[in-house]
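Enquirer: Just passing along the structure, written as structure tokens.
Bear in mind these aren't lab numbers, they're just calculated from the coordinates by the rules spelled out. Everything quoted here is computed from the prediction, not taken from an experiment.
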């Protein structure tokens with residue numbers, strides 16, 4: 001299994017058509033917006049819906065393909081990795097942007113369904129929001145409980161991605177992910193994980209937006225974990241459990 005993994009897949013609808021630019025070296029870069037939608041029923045039987053927006057970036061021939069083929073409301077499949085860029089603006093304020101860097105784009109149907117349409121089959125969902133990460137914990141998990149008594153555990157995960165540049169040079173970059181788990185998975189993460197532990201996490205990407213008291217906008221992107229697999233050496237908690245069994 002790879003030492004690190006940073007892989008994301010989405011099926012969604014183009015909300016903003018691709019815009020093309022070129023780097024100083026002449027390489028094409030296009031960016032556009034895609035939304036994914038999720039419908040589910042709560043334990044109490046309530047119907048819920050949520051929408052996530054992704055800022056997609058494509059390079060080279062894929063950027064040119066995106067500009068030629070993609071139109072607003074078109075349904076597409078995209079595969080790639082997540083990266084976050086940070087900078088200071090002209091006023092000295094810290095800014096960051098989480099991007100989906102596409103390595104594959106497949107235009108699908110162009111029909112944008114109404115909310116009550118199912119529009120999906122068992123093999124191809126209407127929308128998809130899936131992130132898979134292998135990395136090492138940057139800090140011990142922190143657990144809290146909601147007013148309703150549900151466990152919530154959060155931790156940071158560093159995933160290193162390696163690739164070969166067009167000139168043959170081997171490159172590497174590390175992305176940090178904020179991971180949140182709920183319920184029984186949250187309790188497992190709190191009990192067995194610790195700083196430095198290598199894990200596989202799969203889930204959905206979710207973005208929170210809010211304003212500080214001074215009006216400054218803030219954005220936080222999280223992986224809402226649905227699955228966690230412990231990799232590498234066992235933690236002391238696992239060893240203790242084995243001794244007690």
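Enquirer: Percent relative contact order of segment 5-244, based on C-alpha pairs within less than 8 angstrom and at least six residues apart?
Expert: 17
Enquirer: Could you give the radius of gyration (one decimal) and Dmax (whole number) of the Cα atoms in segment 120-188, in Å?
Expert: Cα only, segment 120-188: 17.4, 55 Å (Rg, Dmax).
Enquirer: For percent of Cα pairs over 29 Å apart, which listed value, (i) 25; (ii) 34; (iii) 39, comes from the coordinates shown?
Expert: Answer label, from the structure shown: (iii).
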